[in-house]
Amino acid sequence: MKYALFGQGEGVRAACAHPVWASVRQGIVTDASVSARMRGIRPGMRQATAEALVSDVVCCPESAQPEPVMEAVWRTIWKFSPWLETVNHDAFFLQMPGRAAPLREVRLLLQQLDGLLSDEQRVRTGLAETPFLARALVEWSRWERVPAALYRKAGRQQLIVSPGIAVEVQAAAGRQPAASLRFGAWIGRLPIQAMWLLPEQARTALLQFGVRRLGELTEVGADRLRRHFGKEAFGWLHLLQPDAAQTVRVNYPPPERAETWRANVDEPVDRRHLPALVETLASALSMQLERAELGALAIGVRWETDAGSGGFERLMKRPTWRRETILAQLGQGLETCTESRLESVTVYGRDLRPCSSIQLRWEVRDGALMQADGTVGENLRKLVGQVNRKYPNGIRIGMRPGFRELRLQAVLGTGTGSAVGAVLGTRAGGAPNGTVHRP
């Protein structure tokens, strides 16, 4: 059987020397230290409310990347099981197979994490039969005590064991279980406020309707849920029947594609060759990404010199694999390398995303294999851009020709090969109107 462990860090989204602090993003508290949480500050609270509640709280901006302490937590967890899924900058799912609940292994893991985290940091974890149930335990525990669940601690770290596993543990110890709760049967008692998969507005509306627990959704009925919340409400009822085959989506270690150059032993290269090296590596990385049909949301470069190491990274709004884009992102940052001798250079792309491919048609033209209608397609795109600059949305791509376009085509006697004559018409006001089909 496979068991799932969900953990969420507290006090790990920012670095602050003050013991009472909260990380803030766009005026909303996203995390807080243990001392701040003990004094009433919670994630989701407005910054002004937190400052009014605790006068000496220090609010600092949330880090754009995971803090080093969270990276260390993930590395430690990965040693216990390779089925690790990182969530945002402060949480994780871990899947651990075994014939019995791995309570001893989880306790050993939490003891190691206890040595990594400071007194103002901790991890709250839930052990259950599936990842969904494991996270439900953690979310539920923030509102009230989970009935029939086991609560354990390893130092400052907290562990909540699902009622279903608690029955197994008590039976193995020869004790009569406090309650006979089979797999997932206890999830119906989950408070609506703790159901993180529901939008906040939906949770507020359900509370106004008198729905306090997840299991009470069945009393409302699918039809009434659909009328008030739309089609997505149909999936809420399925939450009462957790999928026993659910698994984590492994994403650690984070995927990365890289190209590296290394100097010969004891033969470092002068720093002035860095731009040329980066250009060569960027070309190789671009080809690698294109072959794999991947795009990177983060592009960076690392270097090792005789004086130490360095590097930088650029975040992209859209996945990219193009050589020109990679070089444009890395060009200015190369000035930060001030050392004189280079030993190795690495250009990498991480946070990879699949890129959709387009089927191309090819033909032999003048004895060479060329893309069919490639020239016509490029000219047509330029024409569309010129027309739309003067008449916004005058021509659109992908629409079917209307009656006037078809009549014009018939009058002009054009065939399908003349793209411009087939798609352009004239509005009454003189502005062009029509459609464009991709070649």
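Here is how the numbers come out for the structure above:
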{"item": "Filter result (closer than 13 Å to Ser286 by Cβ, touching a residue at least 12 places away in the same chain (Cβ under 8 Å) and open to solvent by 10 Å² or more (accessible area, probe 1.4 Å)) within segment 327-337", "result": "Leu327, Gln329"}
{"item": "Any hit, segment 248-264, residues being within 19 Å of Ala185 (Cα to Cα) and among the hydrophobic types (A, V, I, L, M, F, W, C)", "result": "no"}
{"item": "Conditions (1) closer than 28 Å to Gly215 by Cβ; (2) in contact with a strand residue (DSSP E or B) (Cβ under 9 Å, 6 or more places away or on another chain); number of the one not met by Leu84", "result": "(1)"}
{"item": "Tabulated pairs, segment 285-310, first free of Cβ contacts under 8 Å to residues at least 12 places away in the same chain, second among the basic types (Lys, Arg) and surrounded by 14 or more Cβ atoms within 10 Å (Cβ to Cβ), C-beta under 8 angstrom, 6+ apart or interchain", "result": "Ser309/Arg302"}
{"item": "Residue within segment 106-122 that is closer than 23 Å to Asp243 by Cβ, modelled with pLDDT of 90 or more and not charged (D, E, K, R) present", "result": "yes"}
{"item": "Glu71, sole failed condition from (1) in contact (Cβ under 8 Å) with a residue 24 or more places away in the chain; (2) open to solvent by 10 Å² or more (accessible area, probe 1.4 Å)", "result": "(1)"}
{"item": "Residues that are charged (D, E, K, R), touching a Pro at 6+ places or on another chain (Cβ under 9 Å) and surrounded by fewer than 20 Cβ atoms within 10 Å (Cβ to Cβ), drawn from segment 76-109", "result": "Glu85"}
{"item": "Residue within segment 51-62 that is open to solvent by less than 40 Å² (accessible area, probe 1.4 Å), under 23 Å from Ala245 (Cβ atoms) and either at pLDDT below 90 or not small (Gly, Ala, Ser) (or both) present", "result": "no"}
{"item": "Qualifying residue in segment 272-289 (condition: in contact with a Pro (Cβ under 7 Å, 6 or more places away or on another chain), of a type in the set (D, E, K, R) and at pLDDT below 85)", "result": "no"}
{"item": "Segment 38-50, residues that are closer than 16 Å to Gln121 by Cβ and either open to solvent by less than 20 Å² (accessible area, probe 1.4 Å) or among the acidic types (Asp, Glu) (or both)", "result": "Ile41"}
{"item": "Some residue of segment 17-29 being of a type in the set (D, E, K, R), touching a strand residue (DSSP E or B) at 6+ places or on another chain (Cβ under 8 Å) and crowded, with 16+ Cβ neighbours inside 10 Å", "result": "no"}
{"item": "Enumerated strands (runs of 3 or more DSSP E) restricted to segment 228-326, each holding at least 1 residues that are open to solvent by 80 Å² or more (accessible area, probe 1.4 Å), farther than 30 Å from Glu216 by Cβ and small (Gly, Ala, Ser)", "result": "308-320"}
{"item": "Residues satisfying the stated conditions in segment 110-163, i.e. part of a strand (DSSP E or B), open to solvent by less than 20 Å² (accessible area, probe 1.4 Å) and touching a strand residue (DSSP E or B) at 6+ places or on another chain (Cβ under 8 Å)", "result": "Val123, Thr125, Gly126, Leu127, Ala128, Gln157, Leu159, Ile160, Val161"}
{"item": "Sole residue being farther than 28 Å from Arg107 by Cα and in contact (Cβ under 8 Å) with a residue 12 or more places away in the chain, chosen from Val24, Val34", "result": "Val24"}
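The values are calculated or read from the model by the stated rules, or taken from the named source; none is laboratory data. The shown structure was predicted, so the numbers you read here are calculated from the model rather than taken from an experiment. Virtual Cβ from ideal backbone geometry, glycine too; neighbours counted across all protein chains shown. SASA here: full protein model, heavy atoms, side chains in, ligands and nucleic acids out. Shrake-Rupley method; radii C 1.70, N 1.55, O 1.52, S 1.80 Å.
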